[in-house]
Amino acid sequence: MSAGPEKAAAPKPAPEVPIRAEGLTKKFGGLTAVSDVDLELRAGEIAAIIGPNGAGKTTFFNMLTGLYRPTSGRIRRGQRDITRARPDQITALGVARTFQNIRLFPTMTARQNVMIGRHSRMRAGIFGSIFRPPWVRNEEREVWERAAEELRFVGLKPELLDRPSTALSYGDQRRVEIARALASDPEILLLDEPTAGMDPRESGELADFVLRIREERKLSILLIEHDMKVVMGISDRVTVLDHGELIAEGDPAAVREDPKVIEAYLGRGATA
């Protein structure tokens, strides 16, 4: 007796894409900073964007986070089109970032800077801020404690929590900035040159910490980075931009050997 035709195996579902850029272009007058770039960040992935100075990397980040509006193209957060969304709206949708040049509030303490990052998750509006009913005071106390927790998580010493941010070392200011981003409970974390200004030991510690964030917070992470040891050590996938155009994409080993990447950015010594 014939068993009949075998059923084809059900196709595996496509991996979740928390954020996707489609044909993203940004022009400043006659200058095209980013040209028709497609990029997706998959769930639980650490992906890196590399390229020479002026390649359009930070401009690309600024479009993903609403600081710049694309000249053309589209950005999706899951199934939602966020191309024209404001930065605060994008933060509320679970996208947080740090900046290449640290942007802490200089007159605030480390803890106060992190409390600002929690603002997008607070319920108190103008009414609550003026009249401060008990539930608002409770929320403020919770945010105060949460800021301390985030600063401990990033490794800031307890005695530095209530020091002005300007009194902190460069490396500790980086920690505070990352803690501020984490305080918004993101699902996606964008890191712009997180090891800038760090020595090799500090860069290695930061790379280990990024892996820890991914593991413990279950985040999808996209970073811009010049330190190739960091990029090749922690990235699942690498995208290379040159003069605003995507010239290569793939796993770190493949990108490292790509002749276009070697010529544009890495240099012959990178493959030695």
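Every read-out reported here was derived from the displayed coordinates using simple, explicitly stated rules and does not represent laboratory data. A quick note: this is a predicted structure, and the numbers were derived from the prediction, not measured. All Cβ positions, glycine included, derive from the backbone under ideal geometry; neighbour counts span all protein chains shown.
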May I ask you to derive the FRET efficiency for Arg201 and Lys157 from their Cβ-Cβ distance with R0 = 30 Å, giving the value to the nearest 0.05?
0.95
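Could you tell me the calculated FRET efficiency between Asn53 and Ile116, based on Cβ-Cβ distance and R0 = 51 angstrom, to the nearest 0.05?
E(calc), rounded to 0.05, equals 0.95.
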Take the cross-link list Lys26/Lys57; Lys27/Lys57; Lys26/Lys229 and give me the ones stretching past 23 Å between alpha-carbons.
Lys26/Lys229
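For a Förster distance of 41 Å, can you work out the FRET efficiency between the beta-carbons of Arg141 and Gln89, rounded to the nearest 0.05?
Working from the Cβ atoms, E equals 0.90.
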Obtain the nm distance between the two label points defined at Asp208 and Lys27 by a simple spin-label model: each point lies 7 Å from its Cα along the Cα-to-C-beta direction.
4.9 nm
